[in-house]
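Engineer: Let me give you the structure first, and then I'll get to my questions.
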Amino acid sequence: MFSTIKSKLYNFFKLILPSSYSELGVFTFFILSYGILGWYIALDYRIIFDSRIPWDAYFSFDNKAIVMTGGSFERHPLSYYFFNWIREIALYISDGKMNAVFRLTLAWFSNLAVSLSILQVFKYLKNIIKLPNYISVLIILFFGVFSTNILLSFTPENFTYTLFLLTLFNHYAAIKIKNNKKIPTISLALAGITIGGLTITNIAKVFIPVAFEKDLFKNWKKIGNAVLRVTLTCVCFILLYLNRINFKYENILNKTNEQYEKFSNVKNTSTWDMIFSYFFGGNILFSDFIIRNKHNMKGFHFKALLMDVYSSWIPYFFITILITLICWSYFKNFKNKLVQIVMISFFLDIIIHCVMKFGLHTSFIYGGHFVFVYPLLIGWLFHVYRFSPKAQSFLIATFSILFTYLATNNYTRMNDFFWFLNQYYQ
């Protein structure tokens, strides 16, 4: 019994933490890079957490509201409990004060979550797709400078931890599917509760890999077992959710309708431009910034930084190339179960934000739900052409150019972000 528990704990930490020199190098590089950025922002500026500003200080993130309450229960049903721990640990380290040390602690929690997320993607590229290290590093550097990862690396938000949990579960599920094993009930339930608890719509993504377990639809016993595992996960999640709201289930529908109306009726910007500039683009390539006057509904006025649509043809061209490569990878790997799992998960977000238009005008903040799909599908594209040196060279050259433009653009926009901080948040 003891040896079994010891083995499970060993495998758990081996899955989460670096287990080779290359993985340690990737993790160390990003935790130091993001850590320096977060350290500077937390100590010199008050934007990470300002008790007067509950939401929207930069790019519609709800920093204070999330830290204090975990967010609205209808969208983030169990995050209240998670952020209670985060907040209390940060207050303990800062001696009960919501000061620079408090902000720094929040930033380092975010940094750790994002760095571990990038590590999970690297592990997937290296261990699941079996890419050479130099290609995996190229892809992971490209992924590392995505706008979503940069922002979430110092932002205390649900999306920060959702990114980690989703990358971790995708990697774990890929290991199981690749080895023709089923996902255990406890693992599925924990994934459903944690991932769905932080953002309720993401719980559907937990069940996608189950549908791709070996010979599932050829054996009624296996189908029954899968249905039982999914049902138990749903029951556990629903009971915890209802307990969170004191079993006043009618509040869920009322609040959900309110949120949908609030975040789905947007004017002034065309739908296609929001899809390109915000959903597909803003999570990767910073667009232009605009400053707005905001207030906290209690008399305090402040400046907020938001993303505008792209103003040049170059970002649209960049995003078009990237989407084309992603689609190319999907069609070339169409019969691959692991690719289907990743892509179906992505389709769920496309339906929610682009079809149903929920939060489409601020979809650049939802990147933690799906942005990891890009490096994984890019990795599978390299895998398809592993025996074609010319195709490999073309892909390496293409992504080197894309990476150069992405890094240059996002570095320039982060300079604009710091100008905003210097003007209004010192």
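Laboratory data are not the source of any read-out in this text; all were calculated from the coordinates shown. In this text the structure is predicted, and so the values were computed from the model without any measurement. Cβ sites come from the backbone with ideal geometry, for glycine too, and all protein chains shown count toward neighbours.
Engineer: Jot down the radius of gyration and Dmax of the stretch 311-394, Cα atoms only, both in angstrom.
Structural biologist: Answer for the stretch 311-394, Rg first and Dmax second: 14.4, 43 Å.
Engineer: Return P(r) of the stretch 50-188 (all Cα-Cα pairs; 10 Å bins starting at 0; whole %; ordered from short to long distances).
Structural biologist: With a bin width of 10 Å, the distribution comes to 11, 34, 31, 19, 5, 0.
Engineer: Per residue, what volume in Å³ does the convex hull of the Cα atoms of the stretch 121-198 enclose? Don't skip to the answer; put the middle values down first.
Structural biologist: Numbers: hull volume 6.1 nm³, N = 78.
Given the Cα convex hull of the stretch 121-198, per-residue volume reads 78 Å³.
Engineer: Here's a follow-up. Could you estimate the translational diffusion coefficient of the stretch 5-79 from the Stokes-Einstein equation, with Rh from the Kirkwood formula over C-alpha pairs, at 10 °C and 1.306 mPa s, in whole µm²/s?
Structural biologist: The Stokes-Einstein estimate is 102 µm²/s.
Engineer: Past the 24 angstrom mark, what percentage of all C-alpha to C-alpha distances in the stretch 1-130 do you count?
Structural biologist: Distances greater than 24 Å cover 44 percent of the Cα pairs.
Engineer: Let me check the size of the stretch 272-341 from its C-alpha atoms; what are the radius of gyration and Dmax in Å?
Structural biologist: Using the Cα atoms of the stretch 272-341, the pair Rg, Dmax is 17.8, 57 Å.
Engineer: With just the Cα atoms of the stretch 166-228, tell me how far they stretch along each of the three principal axes, in Å, largest first.
Structural biologist: So the extents along the principal axes, rounded to whole Å, are 34, 21, 17.
Engineer: Same structure again: If you add up the charges near LEU395, with Lys and Arg at +1 and Asp and Glu at -1, over every other residue whose beta carbon is less than 13 angstrom from its beta carbon, what do you get?
Structural biologist: Summing Lys/Arg as +1 and Asp/Glu as -1 gives +3.
Engineer: Follow-up. Answer with a single label: of (1) 93, 53, 42; (2) 73, 42, 38; (3) 63, 56, 44, which was calculated as Cα extents along the principal axes in Å from the structure in view?
Structural biologist: Evaluating Cα extents along the principal axes in Å on these atoms matches (3).
Engineer: Then there is this: For a protection proxy built on the mean count of beta-carbon atoms within 10 angstrom, sort 351-360, 164-173 highest first, please.
Structural biologist: Going from most to least packed, we get 164-173, 351-360.
Engineer: Same structure, new question: When the chain is modelled as a GNM with alpha-carbon springs shorter than 10 Å, which of ASN149, ASN293, ASN63 fluctuates the most?
Structural biologist: Among ASN149, ASN293, ASN63, the largest mean-square fluctuation in the Gaussian network model of the chain belongs to ASN293.
Engineer: At 222 nm, what value in deg cm²/dmol follows for the chain if DSSP H runs of at least 4 each add -39500 (n - 2.57) and the sum is divided by all its residues, to the nearest 500?
Structural biologist: Mean residue ellipticity, 222 nm, calculated: -21000 deg cm²/dmol.
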